[in-house]
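The values are calculated or read from the model by the stated rules, or taken from the named source; none is laboratory data. For clarity, every value in this text was computed on a predicted model and none was experimentally measured. Every residue, glycine among them, receives a Cβ derived from its backbone with ideal geometry; neighbour counts consider all protein chains shown.
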Amino acid sequence: MTIETLVRSQTQTKQKFIPIDDLWQVTVAQYHAMIQSGALTEDNSIELLQGWLVQKMPKKPRHSTITRIIRKHLAKLLPSGWYVDSQEPLTTSDSEPEPDVMIVRGNETDYLYQHPGPEDVALVVEVSDATLNRDQTLKKQLYAAAAIPVYWIINLPDNQVEVYYHPFLGSTGPDYRQRQTYRQSEFVPVWIGSETVGEISVAQIFASS
């Protein structure tokens, strides 16, 4: 499903998703040129998704708090050679999303001149409230297309963690072969490649809620 299809289907069902008037289509190179020229700055709440400039949703306090909790717990589990980043760009062939949290190979100084790419990332996490529909459809497809190994959705409305893994290209487009939902009494495993480096309690994630 492309973003155009998503917008069209949402319009037909009278569900608000992304206003078509708020979309502009550009390549990754054009997007970077706009940033370099100052046409886009940090004050513009925009990310590039499947070639479209899409306005990001404002963050509520609960979203920000849970993002910090996840970042803190992941940082405790990581082996040498990996670090946790938060709300920073990830560059794919046609997109530059800014995931709420991601596990990145190397250290921060490795990315002075370019953002991490899919090959540098072990896990992407989106904390989802108002963006839940987008994260379960467009973002999931985008991350699967980029072969991000593991994708978490912290589903705030349902107080659960959705874990997607084994990306593949199917007849209906990119997706993940496996999905596992973890609820309050369970623990989410943290994988880097084929190795489990630890686990995080779902109750700890939502402890502030």
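Just to be sure I understand, how many residues within the range 52-69 are in contact (Cβ under 8 Å) with a residue 40 or more places away in the chain and in contact with a helix residue (DSSP H, G or I) (Cβ under 8 Å, 6 or more places away or on another chain)?
4
For the range 147-188, which positions are within 17 Å of Leu74 (Cβ to Cβ) and loosely packed, with under 14 Cβ neighbours inside 10 Å?
The answer is none; no residue qualifies.
Among the strands (runs of 3 or more DSSP E) lying completely within the range 49-152, list those that include at least 3 residues that are under 24 Å from Ile200 (Cα atoms) and under 15 Å from the mean Cα position of the chain (by Cα).
Where strands (runs of 3 or more DSSP E) fall fully within the range 49-152 and carry at least 3 residues being under 24 Å from Ile200 (Cα atoms) and under 15 Å from the mean Cα position of the chain (by Cα), they are 101-105, 121-128.
Quick one: what pairs do we get from the range 24-41, first residue at negative phi, second outside any helix (DSSP H, G or I), C-beta under 6 Å, 6+ apart or different chains?
So the pair list comes out as Trp24/Leu53; Gln25/Gly51; Gln25/Trp52; Tyr31/Leu48; Met34/Leu40.
Kindly indicate whether any position in the range 117-130 is in contact (Cβ under 8 Å) with a residue 60 or more places away in the chain and not hydrophobic (A, V, I, L, M, F, W, C).
yes
Can you pull out the residues in the range 42-51 that are touching a residue at least 12 places away in the same chain (Cβ under 8 Å), surrounded by 18 or more Cβ atoms within 10 Å (Cβ to Cβ) and either farther than 25 Å from Ala144 by Cβ or of a type outside the set (D, E, K, R) (or both)?
Leu48, Leu49, Gln50, Gly51
Among all residue pairs at least 6 apart or on different chains, which show Cβ distances below 6 Å where the first residue, located in the range 80-101, is closer than 15 Å to Thr131 by Cβ and modelled with pLDDT of 95 or more and the second is surrounded by 16 or more Cβ atoms within 10 Å (Cβ to Cβ) and of a type in the set (Lys, Arg)?
Val101/Arg71
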